[in-house]
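A.B. asks: Have a look at the structure that comes next, please.
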Amino acid sequence: MSEAEVTTDQPSDQPVTEDAVDTLAVAVAELRPALEAILMVSDEPLGTVRLASVVGHPVTDVEQALVQLAAEYAEQGRGFDLRSVAGGWRFYSRPEFAGVVESFVLEGQQARLTQAALETLSVVAYKQPVSRARVSAIRGVSVDGVMRTLLSRGLVEEAGHDEQSGAHLYRTTSYFLERIGITSLDELPELAPYLPDMDDLEDELASVAGLDEPTPEPAAAPEVPVHHPHSSPHSGAGTEPDGGTEVT
């Protein structure tokens, strides 16, 4: 038997590609149990390409197996679901058992986001990339503390700088998509039309940032106070001191 006959075990009309050689060289485990084992120990969603490279099966076979597993879990009424979120697959507890899981995991000690933090996160999600000043203008209060909390939680990340002002811009992360159970921002509910347009905020932003030239006050109303003595647009009585978390 010739060397060519030993190395080529595919049909003669299909060339042996580099990808096929790599797949055949992997010690192949039984597909569905292997996927379950990997997903069970993963703490983040795993894409089909990555899973295929680990188990040694073609991507199309892996995708089909994941869909079948997800359907079987739902049909059998298991305590968990297999979902495709944030560009990958991951196990989740089923919604009807949320109360039991929450009691076990939280035990009354974990801080959760306050209403202020949720509102700030919503503004970032719908208006991203957006600066802190713009978020503050939309909410009508400084969001410095809340934004620090969202950054530390991994729900928001920096996304460059504004070309005109040089301010940091922020956007939501893939972890944010994972936590709310969607695969892309296109799946967010249609709430953006109810938020103010950015063009309508320019005057307010300039005032908050102290960028407007002082306007002479009318002689008939000398008692009107000046509201921007602070050096920072995010300081003063409008700041939310709780940092966006509350202990439950």
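A.B. asks: Pull up all non-local amide H partners of ASP81: gap of 5 or more, or a different chain, and H-to-H distance under 5 Å with H placed in the peptide plane.
C.D. replies: TYR92, SER93, ARG94
A.B. asks: Taking θ = phi - 60°, what integer Hz values does the Karplus form 6.51 cos²θ - 1.76 cosθ + 1.60 yield along the stretch 71-88, in sequence order, with x for Gly and Pro?
C.D. replies: Along the stretch 71-88, the couplings run 5, 5, 4, 5, 5, 7, x, 5, x, 9, 10, 10, 10, 9, 9, 6, x, x Hz.
A.B. asks: Additional query: Compute the FRET efficiency between SER53 and GLU187 as 1/(1 + (r/R0)^6), taking r as their Cβ-Cβ distance and R0 = 25 Å, and round to the nearest 0.05.
C.D. replies: It comes to 0.35.
A.B. asks: Provide SER142, SER53 ordered by accessible surface of protein heavy atoms (probe 1.4 Å), highest first.
C.D. replies: Heavy-atom accessible area, descending, gives SER53, SER142.
A.B. asks: Oh, and also: Over all distinct Cα pairs, what is the inverse of the mean 1/r for the stretch 115-176, reported as the Kirkwood hydrodynamic radius in Å?
C.D. replies: It works out to 11.3 Å.
A.B. asks: Using modelled amide H (1.01 Å from N, peptide plane; none on Pro or chain starts), what sits under 5 Å from the amide H of HIS161, excluding residues fewer than 5 places away?
C.D. replies: HN-HN under 5 Å from HIS161: LEU169.
A.B. asks: Quick one: if the Förster radius is 25 Å, what FRET efficiency do ALA159 and SER84 give, using the C-beta to C-beta distance and rounding to 0.05?
C.D. replies: Computed FRET efficiency for ALA159 and SER84 comes out at 0.50.
The values are calculated or read from the model by the stated rules, or taken from the named source; none is laboratory data. If you're wondering where the values come from, they're calculated on a predicted model, not measured in any experiment. Here Cβ is always computed from backbone atoms with ideal geometry, including for glycine, and neighbour counts include all displayed protein chains. Surface accessibility is based on the protein's heavy atoms, side chains included, excluding ligands, DNA and RNA. Shrake-Rupley method; radii C 1.70, N 1.55, O 1.52, S 1.80 Å.
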